Amino acid sequence: MASFIENLIGNVDVATRRLILATPLIFHLMGVCDWECSCRIRVDARGHHHRPSPPLTCHNPQARDIHPSTHHLFPLKETMSMAAAAAAAASSTLLRASNISVARPVPVAAGQQLVPSGVACCIRTVSGRRAAAVRAAAAGDGTAPAGALPAALLFDCDGVLVDTEKDGHRISFNETFAEEELGVSWDVELYGELLKIGGGKERMTAYFNQTGWPAKAPKTDEQRKEFIASLHKRKTELFMALIEKKLLPLRPGVQRLIDEALGKAVKVAVCSTSNEKAVSAIVSYLLGPDRAERITIFAGDVVPRKKPDPAIYILAATTLGVDPQSCVVVEDSTIGLAAAKAAGMKCIVTKSGYTAEEDFETADAVFDCIGDPPEVRFDLDFCANLLQKQYVS
């Protein structure tokens, strides 16, 4: 049937062909058996609406909703029919997700629940040119066997495992500056800007280079490097004291997803620009020693270049002995996302306090958190589906 449809539409003009390919019926006949919406309503191959319970919530402010009775999208400035939107998405150029977010075809095995009930997710549109790739994934002829789990699940630390930045690292930096009587204090807004620089030592160096070095700071570059290292060491000690007191909790769903991965023999690692001692403290004190023994940590100065450079993720894949394309990364920032994608890995973003307004257009999926029952956002099967190219970024 798929070849028949392809031959049939091969004889019509380009615009008509795109409109035909945009319809749920044609995708159904070509072997794609369901639709998933990026927002609240799921539309099956027969055009029927299905509202999950509890309803899905789209956390992308740019995303469009699908009206339950009209099949129409409602953009900010204009109304576009679903067929026209999908036809546009079928053009040779992939539309920017910030411009449109529509239902798209995904292969679903009989009886399989592709995304857990209650998932809050925004996923990119699929161009018509890539429909063949979707059908290939459905047929199971991709590089990984159908249903294959990730070889490794790689987590960033700050903002992913724990929302540490505002009330953890920032406080510890300021306490360090106060102890040294440097006359420096980073407020919430300023620290948000400084987070665009990966690494605490690099962050302090960039700040002092721009605003002027404290009077107590040395004058030569080498001495300043040692001065920054000593400040960072003390800051790490203060931060670890916060972690040991468990004043900063794990984010929702982190422990659940890690347990799911470890229980299915998926390798788990934490890849962070933060100091290795601080990351180890978070893993050990908040996840417990049993889990910590099974989690590999790549942190601090283990690589010469920090995120957005992909070095840390490439090192993780090499050390763990896995193909980067079989890894799924969980990040919370644009610099982390850039590092993961540059390493050739799938990347899910869970927004944090400081990164909620960042542009995550290149992410494979974007959530507000990982989530615990009854508000689970995604699970290990969702990660596996990313690898099967059921969601195309």
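The values are calculated or read from the model by the stated rules, or taken from the named source; none is laboratory data. Given the structure is predicted, the values throughout are model-derived calculations rather than measurements. Quick reminder, even Gly has a Cβ in these numbers, built from the backbone with ideal geometry, and neighbours come from all protein chains shown. We work out accessible area using only protein heavy atoms, side chains counted, and drop any ligands, DNA or RNA first. Shrake-Rupley method; radii C 1.70, N 1.55, O 1.52, S 1.80 Å.
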In sequence order, what are the phi-derived ³J(HN,Hα) couplings for the stretch 239-254 according to the Karplus relation 6.51 cos²θ - 1.76 cosθ + 1.60 with θ = phi - 60°, rounded to whole Hz, with x for glycine and proline? 5, 4, 5, 5, 5, 4, 7, 6, 7, 10, x, 4, 6, x, x, 4
Taking the mean number of other Cβ atoms within 10 Å as a proxy for protection, how do you rank 184-192, 152-160 from highest to lowest? 152-160, 184-192
Given 10 °C, 1.306 mPa s and a Kirkwood radius over Cα pairs, the Stokes-Einstein diffusion coefficient of the stretch 164-245 in µm²/s is 123
P(r) weight above 18 Å for the stretch 255-329, C-alpha pairs, percent: 40
Can you give me the convex hull volume of the Cα atoms of the stretch 151-198, divided per residue and expressed in Å³? 90
Mind listing the long-range amide H neighbours of PHE367? Cut-off is under 5 Å, sequence gap 5 or more, other chains count too, H placed in the peptide plane at 1.01 Å from N. VAL349, THR350, LYS351
Give, rounded to the nearest 20 debye, the magnitude of the charge dipole that the stretch 314-393 has about its Cα centre when Lys and Arg contribute +1 at Cβ and Asp and Glu contribute -1 at Cβ. 320
Portion, in percent, of the accessible area of the stretch 164-245 that falls on carbon or sulfur, probe 1.4 Å: 48
Surface accessible to a 1.4 Å probe, per residue, for the residues of the stretch 164-245, Å²: 54
